[in-house]
Amino acid sequence: MSHQDWDKVVIRPKASSSKKPEPGAGGTPTEKKFAAGSNAKRGDANMAKLDADNENLSHKRVGLTLGKAIQKARAEKKMTQADLAKAINEKPAVVNQYENGKALPNGQIIVKIERALGTKLPRQPKK
């Protein structure tokens, strides 16, 4: 036990090394900045371009032809939407969206549906 140190150790908080200068004391000059950091809304140069842009920004949806093909193949297999959803490990709402033509096209889900139904579904051409 020769490595044991029996001296008293006093733990105190460290003194901060950087003290703030008092205002008016000769050190660094301090200036009061008015409206600094305020979230004042200013007009942007691109706002006019964005306002003038009338382009329709919507995502492509699966077509009704795909939905009808899924319904037909599912009816031939005598499956419900819930059965098909369980077979592809998705929620029944996803199958419903695909059959109604309101879903965003996802190639992985379409391939799962094709495998579960054992048929080839019509695809939208890539643009």
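Filtered by the rule that a residue be surrounded by fewer than 17 Cβ atoms within 10 Å (Cβ to Cβ) and not basic (Lys, Arg), the range 77-86 gives 80, 82, 83.
Just one residue in the set 63, 27 is surrounded by 10 or more Cβ atoms within 10 Å (Cβ to Cβ), out of contact with any helix residue (DSSP H, G or I) (no Cβ under 8 Å at 6 or more places or on another chain) and modelled with pLDDT of 70 or more; that residue is 63. Note on the range 62-91: among residues that are closer than 17 Å to residue 108 by Cβ and in a loop (DSSP other than H, G, I, E, B), the one that is farthest from the chain's Cα centre (by Cα) is 88.
Cβ-Cβ distances below 6 Å connect the following pairs, each with a first residue in the range 104-127 that is free of Cβ contacts under 8 Å to residues at least 24 places away in the same chain, a second residue that is surrounded by 15 or more Cβ atoms within 10 Å (Cβ to Cβ) and not basic (Lys, Arg), and a separation of six or more residues or different chains: 114/121. Kindly indicate whether residue 74 is charged (D, E, K, R), touching a Gly at 6+ places or on another chain (Cβ under 9 Å), at pLDDT 70 or above and surrounded by 10 or more Cβ atoms within 10 Å (Cβ to Cβ). Answer is no for this residue. The set of residues from the range 107-127 being exposed (fewer than 15 other Cβ atoms within 10 Å of the Cβ), touching a helix residue (DSSP H, G or I) at 6+ places or on another chain (Cβ under 9 Å) and either within 13 Å of residue 61 (Cα to Cα) or among the basic types (Lys, Arg) (or both) comprises 115, 120, 123, 124.
Matching residues to (1) on the phi > 0 side of the Ramachandran plot; (2) modelled with pLDDT under 85; (3) loosely packed, with under 11 Cβ neighbours inside 10 Å:
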site: 16; (1), (2), (3): no, yes, yes
site: 22; (1), (2), (3): no, yes, yes
site: 39; (1), (2), (3): no, yes, yes
site: 49; (1), (2), (3): no, yes, yes
site: 88; (1), (2), (3): no, no, no
site: 94; (1), (2), (3): no, no, no
site: 101; (1), (2), (3): yes, no, no
site: 105; (1), (2), (3): no, no, no
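The values are calculated or read from the model by the stated rules, or taken from the named source; none is laboratory data. Predicted, not measured: the structure shown is a model, and the values here were computed from it. Positions of Cβ are backbone-derived with ideal geometry, glycine not excepted, and every protein chain shown enters the neighbour counts.
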